[in-house]
Amino acid sequence: MPERRSLGFDESAKPLRTLQRSLFQTVAQCVRGPQANGSSSITPQPPATDPEEGKECSDTCSFLLRREFTSHIEHACGGLPKEGSDVIPQAGTAIGSAPLFTMDDMLRALWLLISRQNLALEHLQNGIIQARLAEDKKRRSPLRTSPHLEEGSVSDTDPNVKEAASDMEECLENTIVATVLQSLLAPAQSRWQEFLRNRINKQRELDSNTEKSEKTVVNKVQPTCIGLPTKDELLQCLLEELNNEATQLLVINTWGIEVCDSGIDPYGLTTVFPPHIQVLAQYPNIVPGLQRLKRYFLDLHPQFTSSTMNQASRGCLMDPSLMIAEHQLDRFLQDKDNMATAAILREGVHPFLRRIVYARALGLRLSVREGDSIWGSMDHRSAVLLPACLSFATSDARGIMSPGHAHFAPSKTPKDDAGIVQAFLRQDVLLSVGDSDNYFTFVDDVEGLAAAMGVDRRLPNVAIPQTLTQLGRADDSYGEGLDGYTLRLSPREGRSGPTPSPRILFPLELSSLLIAPFGNITGDIVEQYELFTAMFSQLWVRLQGPTPELFQCCLIFENLLAECAPSAAIYAAHLLEGSPLIFLLSWMSDGFAGVLDPTDVLLLWDWLLAYHIKEMQRRSLLSSTTGLASSLSEYTEEIENGNENDCKNLPPCALWLLPILAASIFIFRAPLILKCESRNELESLFVSGRHIHCRTLIQSLLFTEMLG
């Protein structure tokens with residue numbers, strides 16, 4: 001008898017053979033139902049399955065199949081077979097007994113369920129995009145500057161100031177937060193575009209001046225390779241453009257002098273931004289305080305996330321890990337709008353289900369795998385193995401990840417911009433993943449994935465604009481609104497005319513660490529590419545340049561430090577001779593993969609995706625059409641009435657969890673920071689986070705008072 005494969009469950013978890021035999025009649029009726037009822041519709045044929053038909057399927061998730069499959073099949077058939085109705089006996093069935101439920105029948109029902117789920121979610125996504133486009137047309141023109149206020153003409157006694165302020169207040173009522181931040185970041189984005197182009201041109205000059213050698217050492221980092229931009233370079237670009245006089249004049253023209261005067265130095269020495277940027281801290285939709293963050297992330301309270309056990313099954317003598325997997329699989333297959341998927345991610349998804357839960361959270365289309373599952377041939381079939389029968393790999397991803405694809409043959413002297421960025425990515429993999437104690441075993445796979453991403457034009461030209469549109473920022477999904485996210489190709493490579501120039505990705509240094517954790521989720525490199533590109537184009541790309549998301553995360557981080565640990569923030573800035581924001585950028589750019597243990601990295605990403613689901617379906621505060629002026633007045637009323645926790649029913653931006661975690665690490669290490677005597681000692685405190693439990697830190701910062 002072949003050896004049974006272990007899936008990490010306790011060996012005492014024996015499979016239960018309690019599946020209702022009448023379910024087979026339901027499945028058979030589903031196949032014959034349309035013909036029996038005289039319908040002209042034809043039931044689509046399910047994919048090919050296990051050739052060993054007639055073999056009974058041992059089931060460890062009977063309650064799942066009995067309830068979920070039966071309800072869906074009953075809906076498709078228009079009703080279950082009535083008692084006493086004739087059912088055609090199947091081969092291998094004993095007379096007077098119901099047929100056995102085989103693997104073929106289980107996959108047929110699974111295929112029917114997944115197909116209906118894919119259709120519902122696709123319809124939901126298309127409806128959201130169409131609604132966002134319609135809302136964008138109705139919304140008035142974006143933020144504009146006042147013609148009454150020009151450089152050198154700012155005065156408190158100017159009679160046009162009040163009129164200009166009134167016009168700007170009306171304009172702000174129809175301006176989303178992202179548009180306000182985008183208007184301030186436009187100079188920084190233009191400078192960043194020029195900086196990246198100069199980097200490519202310098203690399204091209206170095207390549208042209210380098211003598212061609214007959215033999216090249218494999219996997220050796222070329223000394224003439226400039227590499228990807230660093231976090232220090234991004235922070236310098238951000239600060240220099242935001243803190244200059246031109247941005248100050250823009251803020252004065254937009255908000256008025258009176259608003260700027262009331263916002264001078266609220267944080268003093270704890271911030272690197274001047275008063276005209278600190279004005280933004282007055283608006284809770286731009287910089288939410290700790291009390292509002294508690295309200296927005298109330299679902300992360302320990303009482304909602306401490307247990308993932310099915311309460312109804314606690315008395316069952318089964319392995320708790322197996323019970324959790326079955327219960328989460330049951331809820332996942334019943335999910336119609338991804339809200340149950342978000343709840344599973346908040347609780348803590350079972351490792352065996354993480355690949356399909358991530359795929360569903362990122363909007364990937366699931367399909368029932370033809371033939372054997374990814375785990376190979378197994379005699380021990382059970383319902384808990386259903387995720388292994390599901391896949392989300394597409395033909396496009398298989399093509400680009402095939403060994404014969406052009407990107408697998410690295411060129412020593414790349415000629416186009418995408419080829420140069422690809423060379424930068426290959427070097428970054430060796431420096432980051434190759435030097436990581438946690439992920440060095442994945443270096444070969446990560447190099448192939450990074451190289452494929454560098455030349456995949458679908459990501460910057462299709463996936464990222466579609467993400468911004470679905471987020472409710474259709475005005476940023478084309479033209480200059482993308483300058484903070486992607487790089488426009490050089491004019492010699494771009495298209496002439498009104499058609500926008502093609503774009504390429506240009507991530508930050510050590511961004512290859514964003515790929516490595518997917519090796520702990522699935523061993524299929526094609527599925528890794530699907531998951532990584534989807535998550536990068538929907539989440540991580542929004543932190544790889546001077547974007548509204550990155551700017552807002554910086555403001556939230558400084559706000560939390562000023563509120564919870566001002567002395568440590570001031571002392572750290574003195575030792576660093578700069579801003580603690582450099583720690584935030586270092587941690588956010590690689591999703592904390594470089595500082596947290598691999599298990600905690602995935603737990604943090606679970607929470608990110610849980611709120612990302614809500615953000616993609618409903619406008620978050622970053623993309624809300626709620627006017628900033630009214631939100632400020634409502635916030636003032638909340639403070640006066642003592643109801644500061646009463647927030648509007650809008651989901652937060654998922655990326656806010658990153659500055660919250662970064663601030664919690666900094667705040668809870670404040671006593672150690674104050675004891676440091678040099679910059680090296682301070683930096684050594686944050687080199688490794690092996691003992692950091694991200695969920696506990698976030699909950700402690702947000703809910704310490706609630707926990708008593």
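Where a number appears in this text, it was derived from the coordinates with a stated rule and is not lab data. No experiment lies behind these values; they were computed from the predicted model shown. Cβ: placed from backbone, ideal geometry, glycine included. Neighbour counts: every protein chain shown.
What the table below lists for this structure:
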| item | result |
| --- | --- |
| Length released on extending from His691 to Leu674, taking residue separation times 0.36 nm less the Cα-Cα span | 4.1 nm |
| Ile176, Ile504, Ile582 arranged by Cβ crowding within 10 Å, fewest neighbours leading | Ile582, Ile504, Ile176 |
| FRET E, pair Glu245, Leu576, Förster distance 35 Å, beta-carbon r, rounded to 0.05 | 0.85 |
| 19 Å cut-off, amide nitrogen to a point 7 angstrom out along Ser501 Cα→Cβ, residues in segment 416-460 | 416-422, 455-460 |
| Peptide ranges 511-518, 668-675 listed from the most packed, as the mean C-beta count within 10 angstrom indicates | 511-518, 668-675 |
| FRET efficiency for Leu290 and Leu206, using Cβ-Cβ distance with R0 set to 41 Å, rounded to 0.05 | 0.30 |
| Estimated FRET transfer efficiency when R0 is 56 angstrom, pair Asp437-Leu133 (beta carbons, to 0.05) | 0.75 |
| Least to most buried among Lys336, Lys138 (fewest other Cβ within 10 Å first) | Lys138, Lys336 |
| Listed pairs Lys231/Lys675; Lys231/Lys336; Lys138/Lys614; Lys202/Lys614 exceeding 31 Å between Cα atoms | Lys231/Lys336; Lys202/Lys614 |
